[in-house]
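S.K.: Take a look at this one; I'll ask things after.
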Protein chains: 2
Amino acid sequence: MPQQLSKEDLVGLGPAEVRGHIRSGAYRGDSWAVAPGFAQTAMVALPREAALDFMIFAQRNPGPCPLLEVTEPGSASPEQLAPGADLRTDLGKYRVYSDGECVAEPGDVSEHWTDDMMAFVIGCTGSFEHHMVDAGISLDYLGDGKVVPVYVTDRDCEAAGSLHGPLAVSMRPIRTDELVRTIELTSRFPAFHGAPIHVGDPDALGVDIDDPAYGDRVEVKANEVPVFWACSVTPQLVALESHVDSMITNYPSFMFITDTPTEQMAVSA
Amino acid sequence: MPQQLSKEDLVGLGPAEVRGHIRSGAYRGDSWAVAPGFAQTAMVALPREAALDFMIFAQRNPGPCPLLEVTEPGSASPEQLAPGADLRTDLGKYRVYSDGECVAEPGDVSEHWTDDMMAFVIGCTGSFEHHMVDAGISLDYLGDGKVVPVYVTDRDCEAAGSLHGPLAVSMRPIRTDELVRTIELTSRFPAFHGAPIHVGDPDALGVDIDDPAYGDRVEVKANEVPVFWACSVTPQLVALESHVDSMITNYPSFMFITDTPTEQMAVSA
């Protein structure tokens, strides 16, 4: 059994080193905000026969599902974003869905990965948080060691074939005097969900701000406004709501760390 | 037989009116630069069994294949971009590919459209030309009534499954003092192929500037530089090169005119 590492031990390590520690079991925690500067992503894996519907779903819902890479059938290797990585072992924790239920949450999905499985690599807002910090935008929850809260909204995604479900969102409290810069900056990164989909009143999304579905509860202070971004947890809600036969995803906040610099994926310099 | 209209007769008409004249056969010419202000697109239709490979091809080649909409299997109606339109009749001229050869170039593909056909609507640089003109960028070929020239480059697209082929590009001569503005402006429209992929020496793309594969030969003047954009003719080259069993596309410069304002598809305001 390798020595257990803490999240602090990962500071300063590159993507391949972090993935190595996750793969070996030396690090078992979440990977939120780990290896800043490199794109971090969600992952969805499906049998080939279900892949077309999912790709159409992603095309119709680019907000929650920015598709950054699709692997060959059977392959767990994202050749463009992280050559040599293995999507079956390099995320710290997974969810395995069967007949529309989550049936396992293992730290390795090699035994669940069938020969016809295709993986979809989906951008995540965790990728632009360090750009926000560099731009002087206050993200107090990061300093508190918290993970961004995620909510299930009352908005439906555009359906595709048998796939349908609600939109998930992440929320960050943003100081009102940093709101414009936040929108400008995140607009540069549609690959990571881009600009917010909503600013202010959580009721407009049917969300109870004090009760996130995933992540940590985060206080919205008097000089702040809650800002909501489309979230790559959405496919997990679709798996549940659409009773998907078979799907593997990352566990929320256990993201895949790519070798690709976030800045390379911006729409403008 | 309805009265024949010229391209000039279409000036000032809205997208639905233009599509109506094309559908009825009253207008039989190309639709390049028609109904400026509304997104104009290429179209690819494939049987459902070939659709997954094509969607992966488009995901891996977002430059030449910005996918704006995918129809339901059997449906020729782009519900998001132009509700009520019919992709089998509303383009002036098509190409029908069978076993990797172009076997027909009809003005209506209703009889070729099988029950499992899916249509892919792909953005086109024709959509941002009027923004360039509004910004004071000189596009002399438009005033001359010419259609933008398209070339086959020596660059390969990223393959996907059985699909592979070279990259097609469109070329516009741009005044050197308008080059920066051209790049800035077109970068706003990744839905229409976005920023140029190359500026200057045609040899770098393996292109003979005087011999376009489609469109009109256009002179590059002394104060101009040739500027190249990825082009949605690319899937037609893929059909030929990959010996695709069955594919329908628009004929080059016979674009589909949507009801969607181009400005709605910009990445920033």
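The values are calculated or read from the model by the stated rules, or taken from the named source; none is laboratory data. Because the structure is predicted, anything quoted here is derived from the model rather than measured. Cβ atoms come from the backbone with ideal geometry, glycine included; neighbour counts cover every protein chain shown.
S.K.: Please verify whether residue B:134 is within 16 Å of residue B:197 (Cα to Cα), out of contact with any helix residue (DSSP H, G or I) (no Cβ under 7 Å at 6 or more places or on another chain) and of a type in the set (Asp, Glu), treating the condition exactly as stated.
M.R.: Here the answer is no, as residue B:134 does not meet what is asked.
S.K.: I need every pair where a residue in the stretch A:180-202 that is within 17 Å of residue A:167 (Cα to Cα) has its Cβ under 9 Å from the Cβ of a residue that is basic (Lys, Arg) and part of a strand (DSSP E or B), sequence separation at least 6 or different chains.
M.R.: These pairs meet every condition: A:196/A:172; A:197/A:155.
S.K.: Checking the conditions here, which among B:97, B:27 is hydroxyl-bearing (Ser, Thr, Tyr), away from chain A (no Cβ under 14 Å), outside any loop (DSSP other than H, G, I, E, B) and on the phi < 0 side of the Ramachandran plot?
M.R.: Working: B:27 fails: outside any loop (DSSP other than H, G, I, E, B).
After ruling out the rest, the residue left standing is B:97.
S.K.: Scan the stretch B:41-51 for residues that are assigned to a strand (DSSP E or B) and surrounded by fewer than 24 Cβ atoms within 10 Å (Cβ to Cβ) and report the count.
M.R.: Step one: of the stretch B:41-51, the residues assigned to a strand (DSSP E or B) are B:41-47.
Add one more test, that the residue is surrounded by fewer than 24 Cβ atoms within 10 Å (Cβ to Cβ), and what stays is B:47.
Number satisfying all stated conditions: 1.
S.K.: Still on this structure: Is there a residue in the stretch A:142-157 that is closer than 26 Å to residue B:187 by Cβ and surrounded by 15 or more Cβ atoms within 10 Å (Cβ to Cβ)?
M.R.: no
S.K.: Output the qualifying pairs, or none if there are none: Cβ atoms under 6 angstrom, residues six or more apart or on different chains, first residue in the stretch A:64-93 and more than 10 Å from chain B (Cβ to nearest Cβ), second residue charged (D, E, K, R) and not in a loop (DSSP other than H, G, I, E, B).
M.R.: Cβ pairs passing all conditions: A:78/A:69; A:81/A:69; A:82/A:259; A:85/A:19; A:89/A:23; A:90/A:19; A:90/A:23.
S.K.: Exactly one of (1) closer than 26 Å to residue A:198 by Cα; (2) modelled with pLDDT of 95 or more; (3) in a loop (DSSP other than H, G, I, E, B) is unmet by residue A:106. Its number?
M.R.: (1)
S.K.: Okay, next question. For the stretch A:228-247, state whether one or more residues are of a type in the set (A, V, I, L, M), within 21 Å of residue A:13 (Cβ to Cβ) and away from every other protein chain (no Cβ under 14 Å).
M.R.: No: the stretch A:228-247 contains no residue that is of a type in the set (A, V, I, L, M), within 21 Å of residue A:13 (Cβ to Cβ) and away from every other protein chain (no Cβ under 14 Å).
S.K.: Does residue B:69 satisfy being at pLDDT below 95 and of a type outside the set (Lys, Arg)?
M.R.: No.
S.K.: Report, ordered by the first and then the second residue, all pairs with beta carbons closer than 9 Å, sequence separation of six or more or different chains, a first member in the stretch B:35-52 that is more than 14 Å from residue B:90 (Cα to Cα) and within 14 Å of chain A (Cβ to nearest Cβ), and a second member that is crowded, with 23+ Cβ neighbours inside 10 Å and of a type in the set (Val, Ile, Thr).
M.R.: B:46/B:244; B:46/B:248; B:50/B:244; B:51/A:56; B:51/B:70
S.K.: Tell me, which strands (runs of 3 or more DSSP E) wholly within the stretch B:116-199 include 3 or more residues that are over 30 Å from residue B:74 (Cβ atoms), at pLDDT 95 or above and not small (Gly, Ala, Ser)?
M.R.: Ranges flagged: B:150-156, B:166-175.
S.K.: Could you check, for the stretch A:171-188, whether at least one of its residues is over 21 Å from residue A:124 (Cβ atoms), among the polar types (S, T, N, Q) and surrounded by fewer than 20 Cβ atoms within 10 Å (Cβ to Cβ)?
M.R.: There is at least one residue in the stretch A:171-188 that is over 21 Å from residue A:124 (Cβ atoms), among the polar types (S, T, N, Q) and surrounded by fewer than 20 Cβ atoms within 10 Å (Cβ to Cβ).
Conditions tested, residue by residue: (1) surrounded by fewer than 17 Cβ atoms within 10 Å (Cβ to Cβ); (2) within 28 Å of residue A:80 (Cβ to Cβ).
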position	(1), (2)
A:169	no, yes
A:196	no, yes
A:205	no, no
A:208	yes, no
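S.K.: A further question follows. Tell me which of these residue B:163 doesn't satisfy, since it passes every other one: (1) out of contact with any helix residue (DSSP H, G or I) (no Cβ under 8 Å at 6 or more places or on another chain); (2) surrounded by 15 or more Cβ atoms within 10 Å (Cβ to Cβ).
M.R.: (1)
S.K.: Which one is farthest from residue B:255 (Cα to Cα), of the residues in the stretch B:1-24 that are assigned to a helix (DSSP H, G or I) and not charged (D, E, K, R)?
M.R.: B:24
S.K.: Something else about it: Checking the condition away from every other protein chain (no Cβ under 14 Å), more than 29 Å from residue A:118 (Cα to Cα), among the acidic types (Asp, Glu) and more than 20 Å from the chain's Cα centre (by Cα), which residue from B:115, B:134 passes?
M.R.: From the options B:115, B:134, the qualifying one is B:134.
S.K.: A follow-up question, please. Scan the stretch A:220-243 for residues that are crowded, with 19+ Cβ neighbours inside 10 Å, out of contact with any Ser or Thr (no Cβ under 8 Å at 6 or more places or on another chain) and farther than 14 Å from residue A:148 by Cβ and jot them down.
M.R.: Across the stretch A:220-243, the qualifying residues are A:234, A:237, A:238.
S.K.: What tally of residues in the stretch A:53-62 results from selecting those that are surrounded by fewer than 19 Cβ atoms within 10 Å (Cβ to Cβ) and either in contact with an Asp or Glu (Cβ under 7 Å, 6 or more places away or on another chain) or more than 12 Å from chain B (Cβ to nearest Cβ) (or both)?
M.R.: Qualifying residue count for the region: 1.
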